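Read-outs: derived from the displayed coordinates by stated rules, not from any lab. Everything numeric in this text was worked out from a predicted model, so none of it was measured. Virtual Cβ from ideal backbone geometry, glycine too; neighbours counted across all protein chains shown.
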Amino acid sequence: MNLTIVGTGYVGLVTGTCFAEMGNTVTCVDIDNKKIENLRQGIIPIYEPGLEAMVLRNVDNRTLLFSTQLKECLESCDMAFIAVGTPMGEDGSADLKYVLDVAAEIGRHMSHPLIIVDKSTVPVGTADKVKEVIQQELEKRGKDIEFHVVSNPEFLKEGDAISDFMKPDRVVVGTEDKETAEKMRQLYSPFFRSSMDRMLVMDVRSAEMTKYVANAMLATKISFMNEVANICELVGADVNKVRIGIGSDSRIGYSFIYPGSGYGGSCFPKDVKALKKTAELHGYSAQLLHAVEDVNDRQKFVVANKVVNYFGENLEGKTFAVWGLSFKPGTDDMREAPSIYIIKKLTALGAKIKAYDPKAIHEAKEFYLKDVGNIEYVSSKYEALKDADALLLLTEWKEFRSPDFKSLKENLKTPIIFDGRNQYDGERLKNLGFTYHQIGKE
Ligand code: UDX
């Protein structure tokens, strides 16, 4: 198929590249000239494992093209995907400005029957709005061209986006039109080698809702477990054991019940807020979602609070090594990362930070921790430890999983570890002479 993907952000770029990889001809469109120019030269604006090689391969094959001209692309395509950003508005709802701008542009230029696919994460009712905007533009032009607006939310995890797209758990398609559903089935069938049962066709509003509910459910599991962790600490239980104890119940399962420093990233915080807002707009107060957010806001400070409990309120003269800045491993993304909150709090109390992250130092320096003065970025995990009063592990990158504890102890001024991701065996560390603080175990 010939596809146009509007928006070359995270979702658009991964979607376009994976469709190209499956043999479609894809043009990714963006209004940002510089970005498009860079992409044509193989310069990728984000870090995502496997993406760069796949982009380069498909650019070479001429199956992946980049353009700033939506009008031209619409002339030859079978489907146009809207994959532009839906930033959080001031009131917590998703800002649809970019989505509706693209819809208007499509309406102004489409010249033949088209399937328009909402790939951006959008609140319930957006497909209807997109339809309305396109219809209005067509009417202004005096044109009567058939089109269908489909909701096809993405469920990509940063760091695993390529494999999530190439081997999806499920593909959700919201459309009430049989022919459109069939076309979507054709597009996605190469991604399902065994069975098409995982292609779930439903009405548009349910598809839109599914995306928010999936993320809100996962965020709820995490906040629930973080709350349990905090209670475990108070009652002298070990959340690591409790986690295994409950996960072994097949109705509960092991995934997404790891306590930590709170969820971050571009999706969970934004989507929980947006779902809460949608409910509110319909006169419903979503109590549970409120609590999920509250617990998460508090959890981001747990490691900082443990440091303060141990060293006191005045941290002048103290230096802390930080391992990990990104909101999770496998990405340079620092949006809503717990590290931001922890580092800001500790430096405000006078501490000095020596930070190391395999990928996110640039993001930290240029954006998220730009205003924090008392921070030194170093290029290896052991370098961060020199003369530090304690180590704070904030992102569970694989390279932190089994460090050389001997050299860790030699480098640190005092052998103290605050682990915001429960990566180590407390008993072992105790035997090695460390003071080890973790989440959910006294
Ligand atoms: C998430 C969804 O998983 C994905 O389906 C959706 O499309 C976008 O949002 P992502 O934000 O990339 O993906 O990260 P994910 O791996 O889901 O982790 C989200 C956050 O939850 C991270 O901050 C992570 O540290 C935290 N987390 C995850 C926990 O604290 N505990 C867990 O058990 C799992």
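For the reader, a short list of remarks on this structure follows.
- Residue-span extension gain [residue 69 to residue 284] - 0.36 nm each, minus C-alpha spacing: 73.2 nm
- Test item: Cα-centred dipole of the stretch 122-205, Lys/Arg +1 and Asp/Glu -1 on Cβ, debye: 160 debye
- A Förster radius of 56 Å, combined with the Cβ-Cβ distance separating residue 425 from residue 128, puts the computed FRET efficiency at roughly 0.55.
- Net charge, residue 84 excluded, C-beta distance under 15 Å - Lys, Arg +1, Asp, Glu -1: -2
- Backbone geometry of the stretch 154-169 corresponds, through the Karplus equation with coefficients 6.51, -1.76 and 1.60 at θ = phi - 60°, to 3J(HN,Hα) couplings of 9, 10, 6, 9, 4, x, 10, 4, 5, 5, 4, 6, 6, 10, x, 5 Hz, x marking Gly and Pro.
- FRET efficiency, 1/(1 + (r/R0)^6) with R0 56 Å, evaluated for residue 57 and residue 432 via beta carbons: 0.75
- Karplus (6.51, -1.76, 1.60) ³J(HN,Hα), θ = phi - 60°, over the stretch 251-256, in Hz, Gly and Pro reported as x: 6, 9, x, 8, 7, 6
- Full extension of the chain between residue 143 and residue 380 gives 79.2 nm of extra length, using 0.36 nm per residue less the Cα-Cα distance.
- Sites residue 112 and residue 182 - FRET efficiency at Förster radius 22 Å, r taken between beta-carbons, to 0.05: 0.75
- Burial ordering of 148, 282, fewest other beta-carbon atoms within 10 Å first: 282, 148
- Sparse-neighbourhood loop sites, trypsin sites (Lys or Arg not before Pro) in the stretch 1-70 - DSSP loop, at most 16 other Cβ within 10 angstrom: 62
- Relative contact order computed over the chain (Cα-Cα under 8 Å; 6+ residues apart), in percent: 12 percent
- Each Lys or Arg adds one and each Asp or Glu takes one away; over the other residues whose Cβ falls under 13 Å from the Cβ of residue 197, this sums to +3.
- Our estimate of slack between residue 200 and residue 104, defined as 0.36 nm per intervening residue step minus the Cα-Cα distance, is 31.7 nm.
- Straight-line cross-link partners of residue 270 among the aspartates and glutamates, defined as a Cα under 16 Å from its Cα and at least 8 positions apart when in the same chain: 90, 91, 95, 154, 158, 208, 280, 293, 294, 297, 333, 336.
- Amide H partners (placed H, <5 Å) of residue 418, local residues excluded: 391, 392, 393, 437
- Of all lysines in the structure, the ones whose alpha carbon falls short of 19 Å from that of residue 318, not counting any fewer than 8 places away in one chain, are 306, 344, 345, 352, 354, 381, 386, 409, 413.
- Coil-residue chymotrypsin sites (Phe, Trp or Tyr not before Pro) of the stretch 59-130, DSSP, other Cβ within 10 Å capped at 15: none
- Neighbour net charge for residue 386 - beta-carbon separation under 13 angstrom, K R +1, D E -1: 0
- A DSSP coil position with no more than 11 other Cβ atoms inside 10 Å describes the following trypsin sites (Lys or Arg not before Pro) in the stretch 234-319: 251.
- Per residue, the average separation of C-alpha pairs within less than 8 Å and at least 6 apart gives the stretch 167-302 a relative contact order of 24 percent.
- Projected label distance in nm at residue 367 and residue 34, using a 7 Å step from Cα toward the beta-carbon: 1.4 nm
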